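Down below is the structure, laid out as structure tokens.
The values are calculated or read from the model by the stated rules, or taken from the named source; none is laboratory data. Since the structure is predicted, the reported quantities are computational estimates derived from the model, not experimental observations. Here Cβ is always computed from backbone atoms with ideal geometry, including for glycine, and neighbour counts include all displayed protein chains.
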């Protein structure tokens, strides 16, 4: 599966038209395409009605200080609900999924016995209270990670190969995303400290309000950042293209309410403002839907 994903990622990058380094600034025109639709495309849970439930766990949220999930492969979705507990539903190989609670940490592990067992059959859905405000750590070898309508203190995510989707109503004091190959799609109402790093693929980052520092690196691929101008009158850009350790644009006069630091070694980088109407549409410029659909089909195999 991983080889197939890598080949599709490569095709997707070629489709982006990456021939070198390019940077663009200014107003961005967004197509009417919603991040929720992306979530539905990569959300495998709707396609798993016949799969066996391998874990059904419910724990009082008062007893949980953090959540730690490690998966060889598969899909995971975090969402909020009108609950006072942490609820985990896992589908897939029952023998490969384990759970435990140690010193207030909820631990979920999906470990396959041998490499040939790796597939995207494991699906985990985690429902947490609306104001969980604690730490979540997720590590995935290959697969899909979706975060919707949750409030956290800190999110640490590693995804080796696959897709990461964060929607508007996710709030966190700190978000750290590290991904090897794939796509990262983020639409947020309000950001604090965010660090995103990817080796190869596409990153689309779309904040409504920037309060602190945003640091994004895409070594090979497309990086697009759009933000709502009326909520962010003074943003300090620091842009770096290529492997040289210097930034080609910096507004020394900007008040540092927010700062965007963006780096691309090989590929295209675009930063622009948008109107309130464009933000409500939550669309992306030049979004490659065929690429995402191909990725999803492979992850389902």
Answer with yes or no whether residue 149 is in contact with a strand residue (DSSP E or B) (Cβ under 6 Å, 6 or more places away or on another chain), surrounded by fewer than 20 Cβ atoms within 10 Å (Cβ to Cβ) and closer than 25 Å to residue 218 by Cα.
no
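Does at least one position in the stretch 145-165 carry a residue that is on the phi > 0 side of the Ramachandran plot and outside any strand (DSSP E or B)?
Residues of the stretch 145-165 on the phi > 0 side of the Ramachandran plot: 149, 162.
Retained after the next criterion (residues that are outside any strand (DSSP E or B)): 149.
Checked against the condition, which is being on the phi > 0 side of the Ramachandran plot and outside any strand (DSSP E or B), the stretch 145-165 yields at least one hit.
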Restricting to the stretch 200-216, count the residues that are under 15 Å from the mean Cα position of the chain (by Cα) and either surrounded by fewer than 18 Cβ atoms within 10 Å (Cβ to Cβ) or not in a strand (DSSP E or B) (or both).
1
Is it fair to say residue 184 is more than 19 Å from residue 238 (Cβ to Cβ), modelled with pLDDT of 90 or more, under 13 Å from the mean Cα position of the chain (by Cα) and crowded, with 21+ Cβ neighbours inside 10 Å?
yes
Single residue of 171, 96 found to be closer than 25 Å to residue 182 by Cβ and more than 21 Å from the chain's Cα centre (by Cα):
96
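Out of all the residues in the stretch 126-144, is one or more more than 15 Å from the chain's Cα centre (by Cα), under 17 Å from residue 71 (Cβ atoms) and assigned to a strand (DSSP E or B)? Step through it out loud before you land on a result.
Going residue by residue through the stretch 126-144, those that are more than 15 Å from the chain's Cα centre (by Cα) are 126-135.
Then keep just the ones that are under 17 Å from residue 71 (Cβ atoms); that gives 126.
Checking the rest, the ones that are also assigned to a strand (DSSP E or B) come to 126.
Yes, because at least one residue in the stretch 126-144 is more than 15 Å from the chain's Cα centre (by Cα), under 17 Å from residue 71 (Cβ atoms) and assigned to a strand (DSSP E or B).
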Quick one: residue 101 ticks every box in (1) touching a helix residue (DSSP H, G or I) at 6+ places or on another chain (Cβ under 9 Å); (2) surrounded by fewer than 18 Cβ atoms within 10 Å (Cβ to Cβ); (3) under 26 Å from residue 203 (Cα atoms) except a single one, so which number is it?
(3)
Identify, by number, the condition in (1) buried (at least 19 other Cβ atoms within 10 Å of the Cβ); (2) part of a strand (DSSP E or B) that residue 195 doesn't meet.
(1)
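Hey, which of the strands (runs of 3 or more DSSP E) in the stretch 1-112, taking only ones fully inside, have at least 1 residues that are at pLDDT 90 or above and in contact with a strand residue (DSSP E or B) (Cβ under 8 Å, 6 or more places away or on another chain)?
On the way: elements: 21-27, 53-60, 66-81, 85-91, 97-102, 105-110.
Hits in the stretch 1-112: 53-60, 66-81, 85-91, 97-102, 105-110.
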